[in-house]
Amino acid sequence: MPMTEQATGASHPQPRPRSSGQQQSAPVEHVTGAQSLIRSLEEVGADTVFGIPGGAILPAYDPMMDSTRVRHILVRHEQGAGHAATGYAQATGRVGVCMATSGPGATNLVTPIADAHMDSVPLVAITGQVASKAIGTDAFQEADIVGITMPITKHNFLVTKAEDIPRTIAEAFHIASTGRPGPVLVDIAKDALQARTTFSWPPQQELPGYRPVTKPHAKQIREAAKLITAAKRPVLYVGGGVIKAGATTELKVLAELTGAPVTTTLMALGAFPDSHPLHVGMPGMHGAVTAVTALQKADLIVALGARFDDRVTGKLDSFAPFAKVVHADIDPAEIGKNRAADVPIVGDAREVIADLVQAIQAEHTAGHTGDYTAWWADLNRWRETYPLGYDHPDNGQLAPQQVIERIGQLAPEGTVFAAGVGQHQMWAAHFIQYERPATWLNSGGAGTMGYAVPAAMGAKAGEPDKTVWAIDGDGCFQMTNQELTTCALNNIPIKVAIINNGALGMVRQWQTLFYNQRYSNTVLHSGPDADGKQPSAGTRVPDFVKLSEAMGCYAIRCEDPADLDKVIEEANAINDRPVVIDFIVHEDAQVWPMVAAGTSNDEVMAARGVRPDFGDGEDD
């Protein structure tokens, strides 16, 4: 799973509480637990909180009103708060913060917490809880959110005493942002928020068992360097942990030093420039043919901050049958979990890669250099024979790939793209070029529909000077579009492209390929009328233009390819409110390449009915 930044040395350092060894005498203030909570958030550097008040958390909202350092953004649904905090964290590198009340408020955070857990996002979720004496009595709006979220958090806390609030907040931010990052839940009983206490900072932290290993073992680094220089067909398999660690500069040095091909996972797009000649694309179920095949035929895989998940490996027992594996990760539990490692390395990605560079330089000095000439001849032939591409519809409709490609080409430099989940997510991964880290946000592990709009909102709140586009589908958009109201009321001018094909596109693609075109419950438009005629393309109920205008957005519909550039440029020029474009696209467009679920990556299809021919003797 992804490796992360060290406590110091991240590309976007999060202000963190000082350790007990650095404590200085501080004035003691007499406050309520709620005031202590807000003061603690200020001291750990939290500048934005996404949330909704309710009975149990209400005491915290009163002192928040007086804070000049913490901005609260009132969302329309707690799920939006969680995804917004995730988008904020992914775009800025800082800890995202969301807040909700007890019971349904807290349970509405479960999906974004699980999402952040799967993608190793530093998140602190603060929930109110019923009074401590009522816990366990099925009191009004009580839910055991600590128990519910235990499997999907890095750690969680139940706070029943006001004096424990500063220490708990300090520890929560430290845990969320160090080692392998992840979500931390802090559940605070209402009477703890109301009670009187004292506040001083920094608190004494009590985390005796939490010691993430960041420095890799020198012997393992030397072994890895020897394997890299001895290999004939190496691949650098780069995961999202490289971005989390702020190690993209070191990665570029390593790649250029070795000359090995680089493949970046869905969570790692932007970790290595797409335009770089060493980049062979994204691997996986819908990865580039060259990237998928490179891993299959490699004799050495150097996995950096990646976790060998099923979407990359396909059928696990047939994955990369000829390859030795160097697996470096900050989380020792990930190493060997899915694929045995010949050289396991536990450590922070930045430190691992920096040490690898030195070790490989020493190998070169000793006269040991890798010769990958024949390997690159194969790779370049596959890259030229099976490039990414798409067909334009015969009926003159917009191709969804074309829409997304032009959005990427016309976007200002440094634009951040957040995608929902489905076909549009894969097209956005394929047809937008990512040259920088933290410019591609998506729900990779959980695959959460409805992620894009609130995540884009959080990214724009954290990076107000950057253009932020949400690439969404008509199915995803209908799950969380209410957060456009939040954007309109809080001066968060995101831009949303709805790739409107009138269907749950990825599920429909599977029904086309594997279920004899029986489209059971994937059609989002009204279907044939009484005369058997199909309505005009795309989802029209609701009317996304009218809906978006009702929520305070500027909205446009685009159906004609001739209008495409004009509409995108119009959206880019509007920066005083959210903009929504309803792109009506061809419903039968499909995502290719594809490795069918449960099959071997050897069975990758470049397009429907097109099995790549790699020639004889290439898997020797």
Farthest toward the dipole's positive end in the chain, which of 443, 302, 612, given Cβ charges of +1 (Lys, Arg) and -1 (Asp, Glu) about the Cα centre? 302
Farthest towards the positive end of the dipole of the chain, among 153, 464, 600 and with Cβ unit charges of +1 on Lys and Arg and -1 on Asp and Glu, lies the Cα of 153
Relative contact order (%) - criterion: Cα under 8 Å, at least six apart; region: the range 218-386: 29 percent
Order 199-209, 173-183 from most to least packed using the mean count of other Cβ atoms within 10 Å. 173-183, 199-209
Cross-chain or 8 or more residues apart, Cα under 28 Å: how many lysine pairs in the range 163-261 fit that? Count them up, please. 10
Report, by chain and number, residues whose modeled amide H sits under 5 Å from the one on residue 49, excluding near sequence neighbours (fewer than 5 apart, same chain). 71, 72, 73
Show me 361-370, 41-50 ranked by packing, highest mean number of other Cβ atoms within 10 Å first. 41-50, 361-370
Place +1 on the Cβ of every Lys and Arg and -1 on the Cβ of every Asp and Glu in the range 400-584, take the dipole about the Cα centre, and give the residue among 494, 573, 542 whose Cα lies farthest towards its positive end. 542
So for the range 29-199, what are the equivalent ellipsoid semi-axes in whole Å, largest first, each being the square root of 5 times an eigenvalue of the Cα gyration tensor? 21, 18, 15
Reach of residue 315 by Cα under 22 Å, taken over lysines that are not fewer than 8 positions away in the same chain: 297, 324, 337
Charged-residue dipole, Cβ positions (Lys, Arg, Asp, Glu), the range 218-386 about Cα centre, Debye nearest 20: 260 debye
Please state, as a whole number in µm²/s, the translational diffusion coefficient that the Stokes-Einstein equation yields for the chain at 25 °C and 0.890 mPa s, with Rh defined as the Kirkwood radius across alpha carbon pairs. 97 µm²/s
The range 400-584: Lys pairs at Cα distance under 22 angstrom, eight or more positions apart or on different chains: 6
Relative contact order computed over the range 149-207 (Cα-Cα under 8 Å; 6+ residues apart), in percent: 44 percent
Among 228-238, 114-124, 429-439, what's the highest-first ranking by average C-beta atoms within 10 angstrom per residue? 114-124, 228-238, 429-439
For the chain, what relative contact order do you get, as a whole percent, if you take Cα pairs closer than 8 Å and at least 6 residues apart? 15 percent
Take the Cα radius of gyration of the range 218-386 and divide it by 2.2 N^0.38 Å, with N its residue count; two decimals is plenty. 0.92
Percent of Cα-Cα distances greater than 24 Å, calculated over the range 381-527: 35 percent
Based on alpha-carbon positions alone, could you give the equivalent ellipsoid semi-axes of the range 340-391 from the gyration tensor, as √(5λ), descending, whole Å? 31, 19, 11
Give the distance, in whole Å, between the Cα centre of the range 220-236 and the Cα centre of the range 448-489. 42 Å
Out of the total accessible area of the chain (probe 1.4 Å, heavy atoms of protein only), what percent is carbon and sulfur? 49 percent
In debye, nearest 20, what is the charge dipole magnitude of the chain about its Cα centre with +1 on Lys and Arg Cβ and -1 on Asp and Glu Cβ, if you could check? 1160 debye
Mean projected area, convex hull of alpha-carbon positions in the range 353-430, reported to one decimal in nm², is 9.3 nm²
Search the structure for amide H atoms under 5 Å from the amide H of residue 284, placed 1.01 Å from N in the peptide plane, and list their residues when 5 or more places away or on another chain. 292
In whole Å, how far is the Cα centre of the range 24-55 from that of the range 401-421? 38 Å
Could you list which residues have their amide H under 5 Å from that of residue 102, counting only those 5 or more apart in sequence or on another chain, with H placed in the peptide plane? 56, 57, 128
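The values are calculated or read from the model by the stated rules, or taken from the named source; none is laboratory data. Keep in mind that what you see is a predicted model, and the values were worked out from it rather than measured. Reconstructed Cβ throughout: ideal geometry from the backbone, glycine too, with neighbour counts over all protein chains shown. In case anyone asks, the SASA skips ligands and DNA or RNA and just uses the protein heavy atoms, side chains included. Shrake-Rupley method; radii C 1.70, N 1.55, O 1.52, S 1.80 Å.
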